[in-house]
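Single-structure report; data block below.
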Amino acid sequence: MKLPKAVLGAVLVGLTIQTTTSCVKEDVKPKEEKGSTKAPANCPACGMG
Amino acid sequence: MEAAPPLYASVACNLDADLLAAAYPLLEEGRVEALEWSFDALYWAEQVPEWFTNLLHTYAGAGRLVGHGVFFSLLSGKWSPEQQQWLAHLGQLAEQFRFDHITEHFGFFTGQNFHHGAPLPIPYTATALRIGQDRLRRIYDACCCPVGLENLAFAYTLDEVKRHGNFLEELLLPVNGFVILDLHNLYCQLHNFGVPYDELIALYPLERVREIHISGGSWHDSEQAPSQRIRRDTHDDAVPEEVFQLLELTMPRCPNLKFVVLEQLGHALHAEASRTQFREDFGRMESLVARHRAALRTLPTNDFRPQQTWPPSTAAEDEHLHRQQRQLSDILENAPSYAEAQRLLQASGLAHSDWRIEQWEPHMLETALHIARKWKT
């Protein structure tokens, strides 16, 4: 599926300036509630087992 | 000319720099035909970057975004406030994004914390069926789109492996739901239980398969079965040749298939070589999907929408099942050894029950101990 250039460009910029991983975040402000400020090293979503 | 039936070569894509960097060239070339998003894996984040949201909206607008839940714990004996919150969050997201469907995993989560634990199977009983069907209805009511369940990689016995497909179908029937057939999960079971593909695949309701997952995994030694290695669904390596073969064999058997998804965890995509391998795996999957699509002559016959509505009701629970799950989680997470885990299980409320712990394969109990501890913290 062809993506608009603006969407692709924004992803590229986002990737460049944000060294995020879905489970280890440095740039996305974490929630402070639930005692869960540290995201898991990876997700059992896929890594179950 | 009649339009070809929709069948999309897709990527499981989360807010993960390594995963997105690996997938970016594919996105840029317009080759990713649909996205699967684990919408509940961002529970720790207050704000999701706009650029990621825009990417999701682009696919959603084309009817090519699917949501894959992780943490709902479909078959927990007890209904929790976190599950209620999960549904409310899903409802909000479903208003924000037009999901083509929503999926979750079979099983219950070990662990006391909602976001720490691993999904493990429970006995296929009338209680499990009642709870699972009730929860699937609640998921449908929240998202108002087709709802599906993924087959689990893990099982304690061959009997459980053989009955899994049928039980999935029983769970799904009231919501007219569908199956995500994870072929690497199936591969784990083919290997760990020595069952032939033709025999096992015939036991799945393949007309209910709307999505297929492929991924890689890893081999683990077993003290309980020193002569064999255990295959685990760790999603941290390239897709094995055998799984591509399973894909080729299985697609023609699934008349309602719409999405074929490549999954890999971002932490395994840090090196450029692994990213290149990821793209090669996608390319191979894409070719197989294209070849199958070219041979398709019929449109899907099931829209996977329920044919009824349900009045509001109290969430189904079972206190006895809940106590058993708590006991099992505690043993799996804290027993100091395999032998002690065996002793504790035999002294627990799971002994001589529907759990049939007396028949559990030793190498799979050993694997359950490893899995529960891996996700405990």
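The values are calculated or read from the model by the stated rules, or taken from the named source; none is laboratory data. Treat the numbers as computed from the prediction; the structure is a model and nothing was measured. Positions of Cβ are generated from backbone atoms using ideal geometry, with glycine treated the same way; all protein chains shown enter the neighbour counts.
Look at segment B:53-106 and say how many of its residues are over 19 Å from the mean Cα position of the chain (by Cα), aromatic (Phe, Trp, Tyr) and crowded, with 23+ Cβ neighbours inside 10 Å. Number of matching residues: 1. If you go through segment A:14-25 and keep only what is at pLDDT 50 or above, within 7 Å of chain B (Cβ to nearest Cβ) and either assigned to a helix (DSSP H, G or I) or in contact with a Phe, Trp or Tyr (Cβ under 8 Å, 6 or more places away or on another chain) (or both), you end up with A:Gly14, A:Leu15. Annotation for segment B:208-225: no member residue is of a type in the set (Val, Ile, Thr), away from every other protein chain (no Cβ under 14 Å) and in a helix (DSSP H, G or I). Going by the structure shown, is B:Leu152 hydrophobic (A, V, I, L, M, F, W, C), within 14 Å of chain A (Cβ to nearest Cβ), free of Cβ contacts under 8 Å to residues at least 60 places away in the same chain and crowded, with 21+ Cβ neighbours inside 10 Å? Yes. Can you name the number of the only condition in (1) buried (at least 24 other Cβ atoms within 10 Å of the Cβ); (2) part of a helix (DSSP H, G or I) that B:His164 fails? It is condition (1) that B:His164 fails. Return a yes/no flag: does segment B:122-134 have any residue that is in a helix (DSSP H, G or I), at pLDDT 95 or above and of a type in the set (Phe, Trp, Tyr). The answer is no; no qualifying residue exists. Of the residues making up segment B:340-357, those that are under 18 Å from B:Leu321 (Cα atoms) and of a type in the set (Asp, Glu) number 1. Of all residues in segment B:291-306, none that is free of Cβ contacts under 8 Å to residues at least 12 places away in the same chain has its Cβ atom under 6 Å from the Cβ atom of a residue that is surrounded by 13 or more Cβ atoms within 10 Å (Cβ to Cβ) and in a helix (DSSP H, G or I), 6 or more apart or on another chain.
Scanning segment B:259-272 for residues that are farther than 23 Å from B:Pro205 by Cα, out of contact with any Leu (no Cβ under 6 Å at 6 or more places or on another chain) and either within 13 Å of chain A (Cβ to nearest Cβ) or in a loop (DSSP other than H, G, I, E, B) (or both) turns up B:Gln264, B:Leu265, B:His267, B:Ala268, B:His270, B:Ala271. Just for segment B:226-258: of the residues that are within 13 Å of chain A (Cβ to nearest Cβ) and assigned to a loop (DSSP other than H, G, I, E, B), which one is farthest from B:Glu366 (Cα to Cα)? Checking each candidate, the answer is B:Val239.
Taking segment B:1-104 as the region of interest, the helices (runs of 4 or more DSSP H) fully inside it that hold 2 or more residues being within 23 Å of B:Thr276 (Cα to Cα), free of Cβ contacts under 8 Å to residues at least 60 places away in the same chain and at the interface with chain A (Cβ under 8 Å from one of its Cβ atoms) are B:17-28, B:50-61.
Out of all the residues in segment B:355-372, which are of a type in the set (D, E, K, R), surrounded by 15 or more Cβ atoms within 10 Å (Cβ to Cβ) and either over 18 Å from B:Gly217 (Cα atoms) or in contact with a strand residue (DSSP E or B) (Cβ under 6 Å, 6 or more places away or on another chain) (or both)? Across segment B:355-372, the qualifying residues are B:Arg356, B:Glu361.
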